[in-house]
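Undergrad: Starting off with a structure, shown below.
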Amino acid sequence: MPLASDFVLTDPMERQAHGREITVNYTEQSMFNPFMGTSNDALIKTQLVDDGTNAGTVTMHMRGLVRGQGVEGNTDFDANMDSLEYLSQDIPYELFGNAIPSKDRRIESRTAADNFRGDAKDGLSDWARDTSDRIIVSRLSQDCTNVVACNAATGYDAANVTSGIVAGDIFNTQAIDEAKKRATLGIDGAGNRHPRIRPYRLKVSDNNGIPVYETFYVMIIGETSAQALREDPIWREEQKYAADRGITNNFFTGQLGIHNGVILTNGGAWTEEYAGIMNSGIGAYRGASSMDGYAGAAALKTEVNLFLGATAGMLPMDEGFNYYEEPYDMKRKMKIAVDRGWAFQKTRYFGKTDAQKKLVWHGKDYGVIAVVSAMS
């Protein structure tokens, strides 16, 4: 009788091909895939890490601005030397992987092995997409240092807290405008200095070989907020005349439209089955703290929408999944597993010297504003 061990892949090239296929599939399905890149203009900045770095810490740096007085005339440079200040962020880096056994199904033919292999690859791709999206959403959402709280009467509250949100304080275009104002001016709700958030730079066309770029902020909102937005009178009027203004292009899957230079996409709701935008009733998740700090008055459940700019998060990773197959249960069944080096953190730099700690970026979110709204 044939055994599963007869059909387990041993060729390194075949295994590598399956690992690459899973990497491509899950990356393409991720809600953040369009926003990733090695450039500082990407919402999620990626950095390739050597395959040998399986665990430990990856440190990513940011150079501060040179803004000294300089020298004039015949003044010696030594009389007014400037300096470069750097901030850094340590990102825990570890293996990210999972395995699937064939369980009670004996593998007695090549067809059975191929069928299980196909199901396992699809399942692991879906797991990787869902888990990585949850990690990114939860870590972008946790403990934001700049928060816009929606208000039915005024559009938003000036306070940088959500404890005043009551039923009916739903998502609206005025809250989007407030988030953009804070991003461009570099302030929080109280007018205190905050990192100025750079927009996402997107290639929209090609003019005789010369790339044409436009800049946008991106906002990923939950299902409840998307429903509220569709009823917002300003939004409805804008979308009605969008074709006349020539802005009907959908740049991303799930895009709802554009308001005031902000692309809005529907990230869906976070449920047990699917990743999505979080609400204040969701607890801690894989290194991210609970969302209960965003609750409204009397613990009212709220939705934590994400206003994002360039380098909102950082994602060091290796080249892709390693793929493994092996027999088990007296060689009658198969196990398939994948792993890779992968990590993610919201960008929040910390200085070490007194001079670095005085920089506006120290201890503050670099590219994220939470826009929080009532869910009822």
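Undergrad: Scan (1) within 27 Å of Arg201 (Cβ to Cβ); (2) assigned to a loop (DSSP other than H, G, I, E, B) for the single condition Val371 breaks and write down its number.
TA: Of everything listed in (1) within 27 Å of Arg201 (Cβ to Cβ); (2) assigned to a loop (DSSP other than H, G, I, E, B), Val371 misses just condition (2).
Undergrad: Considering only residues that are small (Gly, Ala, Ser) and assigned to a loop (DSSP other than H, G, I, E, B), look in the stretch 1-57 and name the one that is modelled with the lowest pLDDT.
TA: Only one residue tops the list, namely Gly52.
Undergrad: Right, another one. Looking at (1) in a loop (DSSP other than H, G, I, E, B); (2) modelled with pLDDT of 95 or more; (3) more than 15 Å from the chain's Cα centre (by Cα), can you tell me which one Thr248 breaks?
TA: In the conditions (1) in a loop (DSSP other than H, G, I, E, B); (2) modelled with pLDDT of 95 or more; (3) more than 15 Å from the chain's Cα centre (by Cα), Thr248 misses (2) alone.
Undergrad: Would it be correct to say that Arg110 is under 29 Å from Asp329 (Cβ atoms), open to solvent by 80 Å² or more (accessible area, probe 1.4 Å) and modelled with pLDDT of 90 or more?
TA: Against the criterion (under 29 Å from Asp329 (Cβ atoms), open to solvent by 80 Å² or more (accessible area, probe 1.4 Å) and modelled with pLDDT of 90 or more), Arg110 qualifies.
Undergrad: Answer yes or no as to whether Asp354 is surrounded by fewer than 18 Cβ atoms within 10 Å (Cβ to Cβ), free of Cβ contacts under 8 Å to residues at least 40 places away in the same chain and out of contact with any Gly (no Cβ under 8 Å at 6 or more places or on another chain).
TA: Yes: the conditions hold for Asp354.
Undergrad: Within the stretch 191-238, track down each residue that is among the acidic types (Asp, Glu) and under 24 Å from the mean Cα position of the chain (by Cα).
TA: Residues satisfying the conditions are Glu214, Glu223.
Undergrad: Then there's this: Can you find a residue in the stretch 200-215 that is open to solvent by less than 90 Å² (accessible area, probe 1.4 Å), in contact with a strand residue (DSSP E or B) (Cβ under 9 Å, 6 or more places away or on another chain), among the basic types (Lys, Arg) and under 29 Å from Gly363 (Cβ atoms)?
TA: no
Undergrad: Now for a separate question. Give the stretch 131-148 a look and list any residue that's open to solvent by 20 Å² or more (accessible area, probe 1.4 Å) and more than 15 Å from Ser280 (Cβ to Cβ), or say none.
TA: Scanning the stretch 131-148 gives Arg139, Thr145.
Undergrad: Please go through the stretch 272-299 and pick out each residue that is open to solvent by less than 50 Å² (accessible area, probe 1.4 Å) and part of a loop (DSSP other than H, G, I, E, B).
TA: Ala275, Gly276, Met278, Ser280, Ile282, Gly283, Ser289, Ser290, Met291, Ala295, Gly296
Undergrad: Can I ask one more? Can you tell me which residue in the stretch 12-43 is nearest to Met60 (Cα to Cα), limited to those that are in contact with a helix residue (DSSP H, G or I) (Cβ under 9 Å, 6 or more places away or on another chain) and charged (D, E, K, R)?
TA: Within the stretch 12-43, the match that is nearest to Met60 (Cα to Cα) is Glu28.
Undergrad: Six or more apart or on different chains, Cβ under 7 Å: which pairs go from a residue in the stretch 365-376 that's within 17 Å of Ala152 (Cα to Cα) to one that's of a type in the set (S, T, N, Q) and open to solvent by 10 Å² or more (accessible area, probe 1.4 Å)? Could you list them?
TA: Met375/Thr224; Met375/Asn279
Undergrad: Quick check on the stretch 89-130: of everything there that is among the polar types (S, T, N, Q) and without any contact (Cβ under 8 Å) to a residue 40 or more places away in the chain, which residue is nearest to Phe7 (Cα to Cα)?
TA: Once the filter is applied, the top-ranked residue is Thr111.
Undergrad: Let me ask you something else. Out of all the residues in the stretch 312-365, which are small (Gly, Ala, Ser), in a loop (DSSP other than H, G, I, E, B) and closer than 21 Å to Glu21 by Cβ?
TA: Once the filter is applied, which keeps residues that are small (Gly, Ala, Ser), in a loop (DSSP other than H, G, I, E, B) and closer than 21 Å to Glu21 by Cβ, the stretch 312-365 yields only Gly320.
Undergrad: Of all residues in the stretch 303-331, how many are buried (at least 22 other Cβ atoms within 10 Å of the Cβ) and within 30 Å of Met1 (Cβ to Cβ)?
TA: 1
Undergrad: Okay, moving on. Is one or more of the residues making up the stretch 167-180 closer than 15 Å to Asn305 by Cβ, among the charged types (D, E, K, R) and assigned to a loop (DSSP other than H, G, I, E, B)?
TA: yes
The values are calculated or read from the model by the stated rules, or taken from the named source; none is laboratory data. Just so we're clear, the structure is a prediction, and the values are computed from it rather than from any experiment. Backbone-built Cβ (ideal geometry, glycine too); neighbour counts: all protein chains shown. Just so you know, the surface numbers come from the protein's heavy atoms only, side chains and all, with ligands and any DNA or RNA stripped out. Shrake-Rupley method; radii C 1.70, N 1.55, O 1.52, S 1.80 Å.
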